[in-house]
Every structure is written in C-alpha cells, then in structure tokens.
Amino acid sequence: MESLIPPILLTSAAFSFFLGALMILRGYRGVFSFSIAGVTFWNISILLFYLDIVKDFNWVVPAHFFAILLAVSFYLFALKFPREIKVKTNAFFVRALPVSLFLVMSGLIVFTHLIVGQVNYDSHSYLIGKYYPLYGLLLGYYLVGGTAILLRQHKDAEAFMEKQQILFVLIGAFISIVVSTITDLIFPYLNIFNYIWVGPFSTVTLVASVSFAILKYHLFNIKLILVEMSLLLLNLFLLVNVFLSQGGSIVILNAVIFVAVLTFSVLLLRGIYKDIRDRERIEGLVRDLAVANDRLRYMEHQKTEFVSIASHQLRTPLTAIKGYASMALEGSFGALSENARKAMDTLYKTSEKIATLVDDLLTVSRLEQGRGALQFRTIDLAKLAREVLDGFKEEVVSSGHRFLFEHEGGRKFLVSVDEQKMKQIVWHILENAIQYSPSLSMVRVSLSRDEEAKMVRLTVSDTGKGMTEEQIASLVNYLDPLQDSHAKADAKKIVLKEVTVKGSEQVEIEQTPGIGLYIANEILHAHRGHIRVTSPGVDKGTTFVVELPRVGEGDKI
C-alpha cells in the first residue's frame, strides 16, 4: 500500500493545481486561491516526506504550515461566499484576529519545535511539540468557524442557485474536515503516523466542491472541459519531456517548444473565456431587454385602459352639460338674455366638441386594444367630403374663410372605410387648416386618384402660417406610430410656433399640432391609409395629403 502513496499524493497535487489554474484563468482572484495553494503544497510536502528526498530538511514543517494556511483561507473565504457576510460584532475579532493568530502560529511552526519536532524518515514519524494541542485548537477554530459561517450563508440565501452552491461547498468541507482531523491531527497526537497522507488527499474534495460552486455555469460545457484538459496534459507532457531530454541542444529545443505551446494555450483559453463572458453579457442584456419590453407592453396596456376608462367616465357629465345647455337654449328654464344665450350657445357647442373628442379617444383606445371599433363599407369619398364641407358653413361664415372643392367630375372615388370615423378625419384636417390660416383666406380641398398605386388622394391646402423643414420633420415624428414617446415629446414642443404681441413685447408661443390631428392619424392607420404634410415655408401655407386604398375601378356615374 505504501508504494501507492506517492502517486496518490502526486495526482492529488496535480489535480488541485489544475483547478487553481482553471479558476485563475477564468478570472477568479479570491482568497480561496490560498486554499488551493495550501492543498497543493501540503500534498507535495507529504509526498517528499514519503520519498525521503533531502533528508536533512524537515518536510513536516511546511506540511503543517500549508495545512493551517488552507484552514485560515477557508475561514476567510466563507466570510465572502457567495457574498460578503454582514458582521454585527467587532470586525477585529472576525477578520483581523484570525489572521494575526495565523501569523503567530506560522512563526511557531517554522522557527521553533513547539508544534512539531524532529523527523524519523525510517518510520515516517515525527515528534509532537508541547504546543501541538494549541495548533489543533486553532485549526478547529478556522474549520468549524468557516463551516458555521457557510451554514448561516445557506440559511440566509434566497436564490435557489446560491443555496446549491453553498451546499456543494459544505459537503466538500465536511468530508475534508472530518477525514483530515482524524488522520492528521488526532492520530499523530496518539503516535499513529500511518495515515498522515490521507488528510491532504481528502482535501481535494474541498477544492473540487468550491471550484465547482464558483465555476458552475462554465463546467457544464463539456467541450470546453475537454479542451482545457487536453491542453493541460499536452503542457505537462512537454514539461516532463524537457527534464527527460539528454543533450544541451535537445533540452533547449524542447524548452522552446514547451514555452511556445504554453503561451499559445494560455492565449487560446483566455480568448475562449472572453468569448464566454461576452456571450453571457449579451444573453443577460437580451433577458433584460425582454423584461423591459414586457414592462413597456404592460404600461402601454395600462395607458390604453386608463384612456378608455377615463373617456367612459367623461361621457356622463358631458351628457348632462350638453342636455341642460340644450334645454336652456330651448327656453325650458325661462327666457334668456342675449348675453346669456350667447354664453349658453358657446357652452353647448364646446360640449359637443368635447363629446366628439371623447368618442375619438375611445375609438383610438379600442384600436390599440385590438377590439373591433370600425365598421367598414364602400363609400364615395367625394360625397363624404362634400358633406363635411357643408357642416363647416356656419364656421366659415363666422371666420371669413373660403372653401374651394375640386375633383374630377363624373367619377366616384370609392374607398372602404368606417364612414363616421372618416368624416371625423376630414373634419379634423379641415379644422386644423382653418385654425392656422388667417381670416378671409382660401382653403383648397381636392380629390384625385393615383392609378399606378391604386390610391385615392384627398388634399387640403391652406395659405396660412406654413412651417419650416424642421417643423415638418417634427410633425412627421409626432404622427408616426413607430416613434417612441421621447421623439413625440420633442416633436410636440417645436411643431408650430406663433409670435403674438403682448403690450410692447413680442411673445413666442409654442403650440402642439392638436390631439385631433393625432387621433385622425391613428384612425387613418387602421384604414391602411396614411397622411403626409408639406409646406413651401413660413407664411406660405401648409398642405395635408390623405391617401386611402381605392376600391373598384371608379367608373363614371
């Protein structure tokens, strides 16, 4: 059995070194690196102790030093895995004192015989110093304390993955602590030295469990593991080949090959790990983006629901206002003075406009919710435009505007639309033209057909304030349903500006294009149509063009 001890310890040391190198290459620089170093050199020290190499050197001394280095680094690692634990007591007793005791104990091990004494290589035994129990107590303090901290971390962890990672570490730590305490602490105190190789070998379970917990996501990639192991074995083979080479030139050649392959292996693995980290970051960003999109969809749904509910709630008071205003105009509450009649007439007309606006908001809300809010039927757009123009007679007379309606006589401009909603679209566009045109100006309305595109085109042109190219671009952004809310907000601020005189100063007033135009655009998109706006410049008028898919051939009447 004793002949198997050196290869077992060599394998244990190589495996620990491999896991340590793997963790460092993958970016881990934590305190557990000292634990890995402790395990690796503890195995090597006991290996040299059994091989009787350099008998003048006491290999038991570094073995005990690296054993306590493993213990204290395990304790410090537990304080920060998987996240730094919050210490309620004085930090000196939790962190500084354990490190100070380690330094003192290290001095006692290395420079005195108070912990371990002389070695007998013939019987593979050594003398126990009078402070050896103190060494055992300090080891127990580190190992039991680290385990207790990990148990608390496991209890406080909320995420399932964190609990699993801590559980892996606890299992590996428990096995290593129990085995090494019995074989390398209690047995030597009882002068039983046959099993001191078991302790360092058992600590591989601790290194493996912690490495697995830290590198859990990466270790599932079996292809990457094979690449890493292949490169490690290749480099170990080349390194051994250097020491086994005979002749100066052969040694130099093999050394150069080893260095070149080692450099290539490191660069290759670093590139692979970088790609893995980049991919994980991209996947994380994709997940965050998906969550953000879900949140935006939820907020959009909530906004639409709010508009729908608010519009319904507004209908009741509007109906009452409009009803009582109508009754007052009809004399139901007695005769009104001229001024009172004018005020009541204004109230009635305003309530009608608000009621229409509420209906439009409900329509847009239903469209955004995907509910059937439109009733399509084929109509003649020329007839519809004429009916809307007739409805503006009273407003045109009071404002002094003039309408010119042009279309190709004798032809029908057939489109499939919701007639009531299409009237609202034309009404909003005409109202916008009157609002931004001076009195006594001309508003031109024309109908035409694009035979190639199979579209019917309604054009409304005024001779009013006009717009700059910047304002046109902003208005297009405002009306574009694909634009985000920030672009729409920026567009609304600069679409239309009017300079008025207030006292002796000129005041620039920012105006928005109006909710009516926005609603018209939304309803138009539901008709598979679109709207365009052009202007030759400031004070040169504006033209709105509405295009709808044509139905039929539009034969003469």
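Structural remarks
To keep it simple, each residue is scored yes or no on (1) touching a Pro at 6+ places or on another chain (Cβ under 8 Å); (2) under 17 Å from I196 (Cβ atoms); (3) of a type in the set (G, A, S).
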site: L97; (1), (2), (3): no, no, no
site: S100; (1), (2), (3): no, no, yes
site: I109; (1), (2), (3): no, yes, no
site: G136; (1), (2), (3): no, yes, yes
site: L139; (1), (2), (3): no, yes, no
site: L151; (1), (2), (3): no, no, no
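- Leading residue by the ranking (nearest to G400 (Cα to Cα)) among those in the stretch 425-456 that are modelled with pLDDT under 85 and touching an Asp or Glu at 6+ places or on another chain (Cβ under 6 Å): S437
- In summary, no strands (runs of 3 or more DSSP E) completely within the stretch 460-557 bear 3 or more residues that are aromatic (F, W, Y) and at pLDDT 75 or above.
- Scanning the stretch 186-208 for residues that are surrounded by fewer than 21 Cβ atoms within 10 Å (Cβ to Cβ), within 51 Å of the chain's Cα centre (by Cα) and closer than 24 Å to Y132 by Cβ yields one hit, V198.
- When M105 is tested against the conditions (1) closer than 26 Å to P188 by Cα; (2) assigned to a loop (DSSP other than H, G, I, E, B), the lone failure is (2).
- Within the stretch 304-332, being over 28 Å from S398 (Cα atoms) and surrounded by fewer than 12 Cβ atoms within 10 Å (Cβ to Cβ) holds for F306, I309, Q313, T316, P317.
- Checking M299, M344 one by one, the residue that is of a type in the set (A, V, I, L, M) and surrounded by 14 or more Cβ atoms within 10 Å (Cβ to Cβ) is M344 and no other.
- Selection count, the stretch 265-278, where residues are surrounded by 12 or more Cβ atoms within 10 Å (Cβ to Cβ) and either closer than 17 Å to F18 by Cα or in contact with a Leu (Cβ under 8 Å, 6 or more places away or on another chain) (or both): 8
- Close contacts from the stretch 175-196, counting a first residue that is over 15 Å from Y142 (Cα atoms) and a second that is in a helix (DSSP H, G or I), with Cβ to Cβ under 6 Å and a gap of 6+ residues or different chains, come to I175/T205; V179/S202; T183/V198; T183/G199; D184/G199; Y195/T183; Y195/F187; I196/D184.
- Some residue of the stretch 185-200 being assigned by TED's automatic domain parsing to the domain that holds I85, touching an Asp or Glu at 6+ places or on another chain (Cβ under 7 Å) and of a type in the set (A, V, I, L, M, F, W, C): yes
- In the stretch 119-141, the residues that are over 17 Å from E2 (Cα atoms) form Cβ pairs under 9 Å with partners that are charged (D, E, K, R), at six or more places apart or across chains, as follows: V119/K55.
- Breaking point among (1) at pLDDT below 90; (2) surrounded by fewer than 14 Cβ atoms within 10 Å (Cβ to Cβ); (3) out of contact with any strand residue (DSSP E or B) (no Cβ under 8 Å at 6 or more places or on another chain), for A157: (2)
- Inclusion of I272 among residues that are assigned by TED's automatic domain parsing to the domain that holds S365, of a type in the set (A, V, I, L, M), part of a helix (DSSP H, G or I) and over 30 Å from L362 (Cα atoms) is warranted.
- Residue list for the stretch 125-156, filter: outside any helix (DSSP H, G or I) and of a type in the set (F, W, Y): Y126, Y131
- Comparison of L103, L9 shows that the only residue that is surrounded by fewer than 18 Cβ atoms within 10 Å (Cβ to Cβ), at pLDDT 80 or above and not aromatic (F, W, Y) is L103.
The values are calculated or read from the model by the stated rules, or taken from the named source; none is laboratory data. Just so it is clear, the structure is predicted and the values come from calculations on it, not from any experiment. Because the Cβ atoms are built from the backbone with ideal geometry, glycine has one as well, and the counts that use them run over all protein chains shown.
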